[in-house]
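Shown next, in structure tokens, is the structure this report addresses.
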Amino acid sequence: MIELMQEQDTYSAVFARMETETLDGGPEALLSLRKDAMQHFEELGFPTTKDEQWLYTNVSAIAKTTFCPATRPDVAVDAATLERESFAGCGFHRLVFVNGFFASELSDTTELDDKVTVISLTDALKQQPDTVMAHLAQYADYKTHAFAALNTAFMEDGAFIHVPKGVVVDKPIQLLFITVPNNETSNEPIVVHPRVLIITGESSQVTVLESYVGLGEQVYFTNAVTEIALGENAVIDHYKVQRESTKAYHIATMQLNQQRASNGASHVTSLGGDIVRNNINVVLDGEGCNCNLSGLYIPRGKQHVDNHLLVDHAKAHCDSREFFKGILDDDAHAVFTGKIIVRKDAQKTDGKQTNRNLLLSDSARVDTNPQLEIFANDVKCTHGATIGQLDDDALFYLKTRGIETEAARSLLIYAFASEILDEIKIEAVREQVNNILLDRLPQGDRFRGFKGLQ
Amino acid sequence: MPRSFKNEKDPWIQMLEIKNLHACVEDNEILKGVNLTIKAGEVHSIMGPNGSGKSTLAQVLAGRDTYEVTQGEILFKGKNILDMEPNERACEGMFLAFQYPVEIPGVGTAYFLRAALNAVRKHRGQEELDAADFLEYVKDKMSVVDMDAKLLQRSVNEGFSGGEKKRSEIFQMAVLEPSMAILDETDSGLDIDALKIVADGVNSMRNPERSFLVITHYQRLLNYIVPDYVHVLIDGRIVRSGGKELALELEEKGYSHINAPMAGSTA
Ligand SMILES: Nc1ncnc2c1ncn2[C@@H]1O[C@H](COP(=O)(O)OP(=O)(O)OP(=O)(O)O)[C@@H](O)[C@H]1O
Ligand SMILES: [Mg+2]
């Protein structure tokens, strides 16, 4: 307990110092929001495995490490890296952040429709403080979630996206978060608190991709919060491809609030990170919503990946689907918690949860808990979870046709993943994840260029 | 009369020699000393009651490691194959048409079969085929069993009807051109039209360098695929062998009359 207090004290001290210096920009309301969040963080402290929401994910390594706030890095991101990471040639609109700081020289929103706003959060707070403050921290709950509180207190910069009523954004908007060592000589672990706010108007449509990339193998901490206010009858496809350094900590909260008849989708690919937690919270706050959450995690070594989903069916006639798959090797550990709450008035709810895990080694471990809390009586909810190894019968069948063991294993692993890869509708992104997967498979090269092994 | 085929140049005129083969699963002995020799070009049939070990024998021949071979040997074209992986045996020309073909979701049939064919071709020192050449190559083979080309686009066996699965097995055999094909109840569950198609497919592949081991419960199949020899497997042993007329006898009298007199002599 005492130790924990000290861990929080570090953040408190930093907050006190920064409060008068760097954080004092922007509207008055923002500073009081930060102070309130800091106060809540001090009260909450870092969660422990005694906390029901954190039973299987131990964040003491994060709590114990002293991270220094990132400063604007003096290390440049080279052109080749940018080209690779930003899907050059695909014409995505993009904002790039290096160690949390907006890098306007690397960003490109020139092709964007005038009616759509895609700017850094800092700029947004200057240009339209009232709109931003009306939404910021209104969805992601920092009063009970320590990491959201920490982000809210310390958020440095991030993205602000506004898609007005009726507007369909042609190309995906990419938010590229790159983390590099603070400067070339320092290996000091840094912490970055990226913040994303997306507001969409009635009947609008947009696709957003958040890419997290760690250059190098250093220890750092990404503590991200994304809030999405999805308007009536609006559509959003949200993707996250997380490729942090394998020593990094990545804790992220995505809060999606959906209005009537809206259609929200989120897909999370977890590849990097030492301790990874994706909180994905959805509130279906109007009738007739559709929500589709999917994800793929491929931990190996000692990686720990926790996907923590909460879908709150607040209104009637909404459909939600959770579909997550994991492939675990070595000593990896994965956690899946998929909770569906169906409120008293949410009749005709259709909720479906599926979590499938493939274990490639005897020491890999999965804890999966689909949970249903149902207070309405006319609903349809199903859940299913599986943890298994490669199918021996299938392996044997492939081998009797001449296919070598390694290739047969790769084929089956790839087939297992391909179903979830198909959930990625942006071709370039699907290709990116596909290639990373193939790089990891023995003889994966054989499958390159095939779509779904057809 | 069994056909006899002699080819002096051919070093593996004995296609398959199974000598005193014993196999267990978890201390439970299933094959209890099987002896069987198949010459190049011959068609042998194995019949026997449920649970007598027919599929076990087929799977052991193909290299399934669930079964532990505790005694005996298997020579394929003169080579001991007991230490070979299933894929190595396949590359050497062994093929098993499964009694219950496995569904493999997410793996397209065309992709799978090209990977298989290329593995075998590579082993034979032939050039690997690209997707276009492969499609050209399989066109003929599909006609062997009148297989619907659409099945190539689907996942391996997934959602195939029973008949489609069996046809697909024979189609795969036609593609891989094995020298020793084991067909485990490929006829079961087929209607007469499908049975004829499958049998025609097999017959079209009969040649002096290729042997077949046809496992079946039904004499009906043997009207179409006429065997040189018929063997009866009961409780892990071949208790009787004969020509194709043995199948007719079994059809008429069942296994019980065979079992009784043989029991003493094989115990
Ligand atoms: N993997 C296994 N584990 C345990 N027992 C097995 C296994 N495989 C086969 N057996 C047992 O071995 C015996 C022979 O089975 P097998 O499948 O070889 O019979 P079969 O002659 O093919 O029967 P059928 O005509 O019904 O196909 C059966 O008693 C079966 O239960
Ligand atoms: Mg059988």
query = Quick one: which of A:Ser410, A:Ser418 is open to solvent by less than 30 Å² (accessible area, probe 1.4 Å) and in contact with a Pro (Cβ under 8 Å, 6 or more places away or on another chain)?
reply = A:Ser410
remark   = Every listed condition ((1) under 11 Å from B:His44 (Cβ atoms); (2) surrounded by fewer than 19 Cβ atoms within 10 Å (Cβ to Cβ)) holds for B:Val230 save (2)
task = Would you check if there is a residue in the range A:326-341 being open to solvent by 50 Å² or more (accessible area, probe 1.4 Å), closer than 25 Å to A:Glu423 by Cα, within 14 Å of another protein chain (Cβ to nearest Cβ) and at pLDDT 95 or above?
result = no
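Residue-by-condition table, conditions (1) of a type in the set (Lys, Arg); (2) touching a His at 6+ places or on another chain (Cβ under 6 Å); (3) not in a loop (DSSP other than H, G, I, E, B); (4) not assigned by TED's automatic domain parsing to the domain that holds A:Phe87:
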site: A:Thr110; (1), (2), (3), (4): no, no, no, no
site: A:Lys115; (1), (2), (3), (4): yes, no, no, no
site: A:Asp123; (1), (2), (3), (4): no, no, yes, no
site: A:Lys126; (1), (2), (3), (4): yes, no, yes, no
site: A:Val132; (1), (2), (3), (4): no, no, yes, no
site: A:Tyr139; (1), (2), (3), (4): no, no, no, no
site: A:Lys143; (1), (2), (3), (4): yes, yes, no, no
site: A:Leu150; (1), (2), (3), (4): no, no, yes, no
task = Only residues that are touching a helix residue (DSSP H, G or I) at 6+ places or on another chain (Cβ under 8 Å) and surrounded by fewer than 16 Cβ atoms within 10 Å (Cβ to Cβ): list them for the range B:178-217, please.
result = B:Gly189, B:Asp191, B:Lys196, B:Asn203, B:Ser204
message = From the list B:Gly106, B:Gly78, exactly one residue is among the small types (Gly, Ala, Ser) and touching a Ser or Thr at 6+ places or on another chain (Cβ under 7 Å). Which is it?
response = B:Gly106
message = Restricting to the range A:200-226, name every residue that is in contact with a Ser or Thr (Cβ under 8 Å, 6 or more places away or on another chain) and open to solvent by 10 Å² or more (accessible area, probe 1.4 Å).
response = A:Gly214, A:Leu215, A:Gly216, A:Glu217, A:Gln218, A:Val219
message = Could you go through the range B:85-102 and let me know if any residue there is of a type in the set (A, V, I, L, M), surrounded by 23 or more Cβ atoms within 10 Å (Cβ to Cβ) and within 16 Å of ligand 1 (Cβ to nearest atom).
response = yes
query = Is one or more of the residues making up the range A:345-357 surrounded by fewer than 17 Cβ atoms within 10 Å (Cβ to Cβ), assigned to a loop (DSSP other than H, G, I, E, B) and among the hydroxyl-bearing types (Ser, Thr, Tyr)?
reply = no
query = Can you name every residue in the range B:104-126 that is open to solvent by 10 Å² or more (accessible area, probe 1.4 Å) and within 8 Å of chain A (Cβ to nearest Cβ)?
reply = B:Pro105, B:Gly106, B:Ala110, B:Tyr111, B:Ala115, B:Ala119, B:His123
ask   = Within the range B:47-69, how many residues are over 27 Å from A:Ile403 (Cβ atoms) and more than 6 Å from ligand 1 (Cβ to nearest atom)?
value = 2
query = Within the range B:152-165, how many residues turn out to be in a helix (DSSP H, G or I), away from ligand 1 (no atom under 16 Å from the Cβ), within 14 Å of chain A (Cβ to nearest Cβ) and crowded, with 16+ Cβ neighbours inside 10 Å?
reply = 1
ask   = When the residues of the range B:15-74 are filtered to those that are polar (S, T, N, Q) and within 14 Å of chain A (Cβ to nearest Cβ), which remaining residue is nearest to ligand 2 (Cβ to nearest atom)?
value = B:Ser55
request  = Report whether or not A:Asp422 is touching a Leu at 6+ places or on another chain (Cβ under 8 Å), within 14 Å of chain B (Cβ to nearest Cβ) and of a type in the set (Asp, Glu).
outcome  = no
key: Of all residues in the range A:378-403 being in a loop (DSSP other than H, G, I, E, B) and away from chain B (no Cβ under 14 Å), the one that is most open to solvent (accessible area, probe 1.4 Å)   = A:Gln389
ask   = For B:Ser168, are the conditions met, namely being within 27 Å of B:Leu195 (Cα to Cα), away from chain A (no Cβ under 14 Å) and not in a loop (DSSP other than H, G, I, E, B)?
value = no
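Table: residues versus (1) in contact with a Ser or Thr (Cβ under 8 Å, 6 or more places away or on another chain); (2) at positive phi.
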{"residue": "B:Leu21", "(1), (2)": "no, no"}
{"residue": "B:Asp27", "(1), (2)": "no, yes"}
{"residue": "B:Gly33", "(1), (2)": "no, yes"}
{"residue": "B:Ala40", "(1), (2)": "yes, no"}
{"residue": "B:Val43", "(1), (2)": "yes, no"}
{"residue": "B:Gly48", "(1), (2)": "no, yes"}
{"residue": "B:Gly53", "(1), (2)": "no, yes"}
{"residue": "B:Leu61", "(1), (2)": "no, no"}
{"residue": "B:Thr66", "(1), (2)": "no, no"}
key: Residue pairs meeting the criteria (Cβ under 6 Å; at least 6 apart or on separate chains; first without any contact (Cβ under 8 Å) to a residue 24 or more places away in the chain, in the range B:48-68; second more than 7 Å from ligand 1 (Cβ to nearest atom))   = B:Arg64/A:Phe396
ask   = When the residues of the range B:233-267 are filtered to those that are at pLDDT 90 or above and basic (Lys, Arg), which remaining residue is most open to solvent (accessible area, probe 1.4 Å)?
value = B:Lys244
query = Which numbered condition trips up B:Ala132, out of (1) crowded, with 17+ Cβ neighbours inside 10 Å; (2) of a type in the set (A, V, I, L, M); (3) over 20 Å from B:Met205 (Cα atoms)?
reply = (1)
ask   = How many residues does the range A:283-295 hold that are crowded, with 24+ Cβ neighbours inside 10 Å and within 13 Å of the chain's Cα centre (by Cα)?
value = 2
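This table checks each residue for (1) closer than 30 Å to A:Glu7 by Cβ; (2) at pLDDT below 95; (3) crowded, with 22+ Cβ neighbours inside 10 Å.
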{"position": "A:Thr81", "(1), (2), (3)": "no, yes, no"}
{"position": "A:Val118", "(1), (2), (3)": "no, no, yes"}
{"position": "A:Ala140", "(1), (2), (3)": "yes, no, yes"}
{"position": "A:Gly158", "(1), (2), (3)": "yes, no, yes"}
{"position": "A:Ile161", "(1), (2), (3)": "no, no, yes"}
{"position": "A:Phe177", "(1), (2), (3)": "yes, no, yes"}
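The values are calculated or read from the model by the stated rules, or taken from the named source; none is laboratory data. These figures come from a predicted structure and were not determined experimentally. Reconstructed Cβ throughout: ideal geometry from the backbone, glycine too, with neighbour counts over all protein chains shown. These accessible areas exclude ligands, DNA and RNA; they are computed on the full protein's heavy atoms, side chains included. Shrake-Rupley method; radii C 1.70, N 1.55, O 1.52, S 1.80 Å.
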